Amino acid sequence: MKKSLSFTDIMALGFMTFAFFLGAGNIIFPPQAGQQAGDHLVPAMFGFLSTGVTLPLVAIIAVAVAGGWKGMTQDLPSKVATLLAVLIFIVIGPAFAAPRAGLVAYEMGVKPFIADAGQLSLTVFSIVFFGIAMFLSRSRGNLVDLVGKFLTPILFVALVVLAVSVVVNPQDAIEAAKGDYVEMPFLKGFVEGYNTLDAVAALLFGMVIVDAVRNKGVTDEQATRKYLIMAGLIAAAGLAFVYISLFYLGATSVNIAANASNGGDILAIYVAALFGPAGQMMLSLIVLLACLTTVVGLISACSEYFSSLTRWSYEKWAVLLSVICCVVANVGLNQLIVLSLPALFALYPIAMALVILTFIRRWLPSPTLSYRVVMLVALSFSMIDAAKVAGFNVSAFRVLPLFDYGMAWVMPTFAALVVTCFVGSQQAIKQDQQESQTA
């Protein structure tokens with residue numbers, strides 16, 4: 001049995017991880033954020049990188065440290081941990097993230113080349129796109145070879161060409177920041193990073209990466225964790241490169257893309273200005289590959305987990321989830337993005353709280369108490385942010401710090417952690433005293 005991976009295998013594993021993360025949100029949101037950030041580009045970009053790169057990397061490392069999802073949620077009631085995982089899988093899988101990736105692939109990669117694009121063309125594309133994703137997902141033993149050694153290198157070369165062209169030949173000068181980027185560029189960028197969904201997905205992509213490592217013959221747990229962390233580092237470096245280049249692209253697109261309605265339009269206009277008609281072909285290649293590899297990762301992760309809960313096999317779940325994604329994708333991109341925002345604001349705080357607790361668990365006086373209280377508080381206050389994004393009137397909570405920036409959960413969650421540490425310490429002291437008196 002093979003005990004270690006070659007350099008080529010490690011790089012392929014890292015590229016596969018990078019490809020899984022690089023999807024629809026990673027491509028369409030940074031250009032728009034960069035355009036609005038303007039001369040506050042740097043702090044806004046660092047905010048976005050915090051939730052778009054650093055947090056996913058930390059989440060991958062947390063998965064490695066805890067030994068998987070079960071290790072991360074061992075101090076929560078088993079039914080609660082299962083419910084949380086199911087909800088996350090539904091959101092990043094068939095409900096929002098995977099169909100959104102397919103829709104972005106259609107809107108930016110195929111629709112511009114269709115004269116009379118309508119519902120029929122979207123339906124046909126969805127069937128073909130998710131059919132290919134299903135085929136690649138079912139070949140889970142060959143995911144590293146199919147994605148890491150073939151699809152991702154093509155994707156990465158196309159992104160490098162675009163990034164170099166933007167730096168060498170920027171289309172506009174950087175102008176003044178707009179909106180919330182004027183006063184709080186870092187926090188605004190931080191919240192915008194939610195749109196990538198990567199921190200939540202990282203908790204679950206870890207399962208796919210571990211499965212890929214084991215299919216290469218690595219059985220040692222310590223070695224598996226090492227390769228998982230290495231894959232995360234490679235993916236983080238790739239994501240940072242992409243975000244920085246797309247932020248700069250957006251910041252230098254103020255005039256040529258002044259009427260763009262979203263980041264996808266900004267990117268399309270900019271590429272056309274740089275490369276002419278050939279630019280649209282290159283952009284189509286980038287978007288199609290990025291979205292396809294992400295959907296493959298999402299379907300694989302969801303199928304792996306749901307098959308562990310049911311009698312259905314991985315292959316059956318891959319087929320079912322692909323069909324569901326195909327159906328949901330026909331709702332339309334704009335509607336799906338609007339529907340997904342409340343889910344993002346509800347899930348991200350929970351994911352961040354879980355990651356933090358995983359790293360500090362060994363120092364918690366009462367892990368069970370801290371996990372249950374902190375996660376409950378994070379969930380409760382994240383629902384306030386989610387309700388605000390959904391359009392409900394939650395102005396009564398405006399007194400909470402960072403409420404206006406969609407981060408009302410931060411201070412209450414931190415306070416809950418401090419309180420549970422104090423209460424847990426007091427309980428530990430009393431228990432020690434009782435044991436000493438008994439002895």
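The values are calculated or read from the model by the stated rules, or taken from the named source; none is laboratory data. What you see is a predicted model, and the numbers here were worked out from it, not measured in a lab. Cβ: placed from backbone, ideal geometry, glycine included. Neighbour counts: every protein chain shown. For accessibility, only protein heavy atoms count, side chains too; no ligands or nucleic acids. Shrake-Rupley method; radii C 1.70, N 1.55, O 1.52, S 1.80 Å.
A quick yes/no check of all residues on (1) at pLDDT 85 or above; (2) open to solvent by less than 60 Å² (accessible area, probe 1.4 Å):
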{"site": "L369", "(1), (2)": "yes, yes"}
{"site": "V377", "(1), (2)": "yes, yes"}
{"site": "F381", "(1), (2)": "yes, yes"}
{"site": "I384", "(1), (2)": "yes, yes"}
{"site": "V389", "(1), (2)": "no, yes"}
{"site": "N393", "(1), (2)": "yes, no"}
{"site": "P401", "(1), (2)": "yes, no"}
{"site": "L417", "(1), (2)": "yes, yes"}
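Among the residues of the range 309-340, the one identified as surrounded by fewer than 15 Cβ atoms within 10 Å (Cβ to Cβ), within 16 Å of F89 (Cα to Cα) and free of Cβ contacts under 8 Å to residues at least 24 places away in the same chain is T310. Given the structure, is M45 in a helix (DSSP H, G or I) and either buried (at least 24 other Cβ atoms within 10 Å of the Cβ) or modelled with pLDDT under 85 (or both)? Here the answer is yes, as M45 does meet what is asked. Please pick out the residue among G217, G238 that is among the small types (G, A, S), more than 20 Å from Y305 (Cα to Cα), at pLDDT below 90 and not in a loop (DSSP other than H, G, I, E, B). So the residue among G217, G238 that is among the small types (G, A, S), more than 20 Å from Y305 (Cα to Cα), at pLDDT below 90 and not in a loop (DSSP other than H, G, I, E, B) is G238.
Taken together, L159, L120, L155 contain a single residue that is open to solvent by 60 Å² or more (accessible area, probe 1.4 Å) and either under 15 Å from I27 (Cβ atoms) or modelled with pLDDT of 80 or more (or both), which is L120. Output the number of the condition that P112 fails; it satisfies all remaining conditions of (1) assigned to a helix (DSSP H, G or I); (2) modelled with pLDDT of 85 or more. With respect to (1) assigned to a helix (DSSP H, G or I); (2) modelled with pLDDT of 85 or more, P112 is out only on (2). Quick check: anything in the range 61-71 open to solvent by less than 10 Å² (accessible area, probe 1.4 Å) and under 14 Å from the mean Cα position of the chain (by Cα)? Within the range 61-71 (the criterion being open to solvent by less than 10 Å² (accessible area, probe 1.4 Å) and under 14 Å from the mean Cα position of the chain (by Cα)), the answer is no, since none of the residues qualifies. Within the range 63-81, the set of residues being among the polar types (S, T, N, Q) and without any contact (Cβ under 8 Å) to a residue 40 or more places away in the chain comprises Q74, S78.
Based on this model, can you work out whether P99 counts as under 13 Å from T294 (Cα atoms), at pLDDT 85 or above and either of a type in the set (A, V, I, L, M) or in a helix (DSSP H, G or I) (or both)? Yes; evaluated as a whole, the condition is true for this residue.
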